[in-house]
Amino acid sequence: MRESGILLPIFSLPGKYGIGCFGEEAYKFVDFLYAAGQRYWQILPLGPTSYGDSPYQSFSTFAGNPYFIDLEKLRKEGLLTDEECEWTNFGGSPETIDYGIMYKNRFKLLRAAFSRVNLSDNKAYHEFITENADWVNDYAKYMAIKNSFDDVSLMEWPDDIRLRTPEAMEKYEKELADDIAFYLYLQYEFYAEWHELKAYANQHGIKIIGDIPIYVSLDSADVWANPNLFELDKDGHPTAVAGCPPDGFSADGQLWGNPLYKWDVHKKTGYAWWLKRMQKSEELYDVIRIDHFRGFDEYYTIPAKDKTARNGKWVKGPGFDLFEHMKKELKDVEIIAEDLGYMTDSVRKLVKDTGYPNMKVLQFAFDSRDTGAANDYLPHNYSPNCVCYTGTHDNDTTLGWLSAIKPEELEMVADYVDGEAMDKEELVRKLVRFVHMSPANMAIIPMQDYLILDSKARINTPSTLGKNWQWRMREGVITMAMAKRIYKLTRLYGRAPEWKLEEERVEREAAAKAEAERKRALMERASAKRVTDNKDDN
């Protein structure tokens, strides 16, 4: 089945409270997707963000980001006042997220709401805590303890609580009981609001594509609560960390700093932690995109003491064995394999063996160092079992990319799509069309490319800090007229869902019926006039 969707992070939704959330604008976007005949809304990881604001470096792989809680909902429930919401500073620009202000001011409002909520008689709250006891209590304790140490990293905590001695755990649980309860409440509210939004999307035929990083953050409840699953020494410090080797883009490689998995330990447990992680993801999303899929075949390990990635080496990962367990235990889970970057034959084999669709990014097809027609990213070379994008959250917008590539590469793009030079904005439209036209079963377009935005709307520039994850869509820029244009393209290339085709049929029949009724009424009036005229003549 040929389908299509749009990529837009939750945080990029418009709204008046400084960051996109699960409020009215999210529901409007679902309505837009429905009108545009889309089947998918792809988002980025939903976890609470840490230093650097990246959703790929989260305090928990199971928890949700409190920033996405809808303040308007809390106001309507009487947990916040109009004055508190209206007079709080959420940043100076509606198109940029100020995470410093978010952390300082949004949490004040969430604290105020918590101080007024009655949870003791809330059956749904207690059910949520019980059903999620295997992670939510550790997360809440972790965040409360972290706050008590002025938010320093786990690696800087006192040894007793970092290593979870019984005495230290009991001490902090008593001292920080109210703070722990606050973080439990935030997770309850997050999940309740997200499930409501996801249900609305599903009711409108829209599936959510969620994104999970292969690794967890070193500064996380995951590492604190499960140190035996990671390559840590007896004192809880990493012995090796993740990254990428040096290449043409980075002489020192990339030092991500994530702790690596002890895959032999995971294997002995039947990959229980990974299965639990995927089960939770399956609850949150309809389709799961796993980031850095090649790390399951081979992963790059760097000594933890090193300052660059130069001395790392490749080590074999769990391979197909992990996915065999997943397929057995999680029979209906839909997965997209993010296999971008340097590909080896063994990675290709792993992707093929799993049967999961892989990814194709059109921007990667026009590299002047690889001018052959056999380039894997050129649409005529795609197999149907893939997901095609103009670009992802790690790419520039297509307009920004076209403005930055070499002249000979720009000429390659023009030659491929039309055979002649043209305006860059028109080239963006052509490339979006080529994604839809491609053999890929699924076509995903970033919202910025439908809006034809420049580099100011870029979401992330890998290996940089400071200006990432900040872009927000302006209120009112998506319209029903735009939705109709997108639907026309979707339908033209056989990606329109059945519900839109049925709506079209009903509309055509209604229009035909109305037209027939109009003609009948005209004929009756004409006939009546002739009768009157004849009487007058007589």
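The lone criterion from (1) in a loop (DSSP other than H, G, I, E, B); (2) closer than 27 Å to P158 by Cβ left unmet by S250 is number (2).
Applying the set (1) surrounded by fewer than 18 Cβ atoms within 10 Å (Cβ to Cβ); (2) farther than 27 Å from I444 by Cα to I302 leaves exactly one unmet item: (1). Among all positions in the stretch 353-365, there is at least one residue which is in contact with a strand residue (DSSP E or B) (Cβ under 8 Å, 6 or more places away or on another chain) and closer than 23 Å to H266 by Cα. Exactly one residue out of I445, I486 is buried (at least 22 other Cβ atoms within 10 Å of the Cβ) and outside any helix (DSSP H, G or I): that is I445. Taken over the stretch 411-429, the criterion of being in a helix (DSSP H, G or I) and of a type in the set (A, V, I, L, M) is satisfied by M412, V413, A414, V417, L427, V428.
Does the stretch 449-463 contain at least one residue that is more than 25 Å from I336 (Cβ to Cβ) and either of a type in the set (V, I, T) or modelled with pLDDT under 95 (or both)? Yes, there is a match, as at least one residue in the stretch 449-463 is more than 25 Å from I336 (Cβ to Cβ) and either of a type in the set (V, I, T) or modelled with pLDDT under 95 (or both). Can V333 be described as surrounded by fewer than 21 Cβ atoms within 10 Å (Cβ to Cβ), touching a helix residue (DSSP H, G or I) at 6+ places or on another chain (Cβ under 7 Å) and among the aliphatic types (A, V, I, L, M)? For V333, the condition - surrounded by fewer than 21 Cβ atoms within 10 Å (Cβ to Cβ), touching a helix residue (DSSP H, G or I) at 6+ places or on another chain (Cβ under 7 Å) and among the aliphatic types (A, V, I, L, M) - is met. Look at (1) basic (K, R); (2) under 27 Å from the mean Cα position of the chain (by Cα); (3) more than 21 Å from G52 (Cβ to Cβ) and you find that R116 fails only one, number (2).
Checked against (1) surrounded by 18 or more Cβ atoms within 10 Å (Cβ to Cβ); (2) farther than 15 Å from K316 by Cα, D252 passes all but a single condition, namely (1). Restricting the stretch 304-341 to residues that are in contact with a His (Cβ under 9 Å, 6 or more places away or on another chain) and of a type in the set (A, V, I, L, M), which is nearest to K360 (Cα to Cα)? Ranking the qualifying residues of the stretch 304-341, first place goes to L340. On the given criteria, is D418 surrounded by fewer than 22 Cβ atoms within 10 Å (Cβ to Cβ) and in contact with a Gly (Cβ under 6 Å, 6 or more places away or on another chain)? No, not satisfied.
Considering the stretch 97-118, the residues that are over 18 Å from G23 (Cα atoms) and of a type in the set (V, I, T) include one that is modelled with the lowest pLDDT, namely I101. Selection over the stretch 156-204 of residues that are part of a helix (DSSP H, G or I) and exposed (fewer than 13 other Cβ atoms within 10 Å of the Cβ) gives a count of 10.
When you scan the stretch 44-66, do you find a residue that is outside any loop (DSSP other than H, G, I, E, B) and either within 19 Å of R474 (Cα to Cα) or aliphatic (A, V, I, L, M) (or both), even just one? Taking every residue of the stretch 44-66 in turn, none turns out to be outside any loop (DSSP other than H, G, I, E, B) and either within 19 Å of R474 (Cα to Cα) or aliphatic (A, V, I, L, M) (or both).
G236 satisfies every condition listed in (1) on the phi > 0 side of the Ramachandran plot; (2) part of a helix (DSSP H, G or I) except (2). Residues of the stretch 450-480 that are surrounded by 13 or more Cβ atoms within 10 Å (Cβ to Cβ), part of a loop (DSSP other than H, G, I, E, B), touching a residue at least 60 places away in the same chain (Cβ under 8 Å) and among the aliphatic types (A, V, I, L, M): I459, M473, I478. Within the stretch 481-508, residues that are touching a residue at least 60 places away in the same chain (Cβ under 8 Å) reach partners that are outside any helix (DSSP H, G or I) and among the polar types (S, T, N, Q) with beta carbons closer than 6 Å, at six or more positions or on different chains, in the pairs T490/S4; R495/S4.
The values are calculated or read from the model by the stated rules, or taken from the named source; none is laboratory data. Only a predicted model underlies this, so the values are computations on that prediction, with no experimental measurement involved. With ideal geometry, Cβ positions are generated from the backbone for all residues, glycine too; neighbour counts draw on all protein chains shown.
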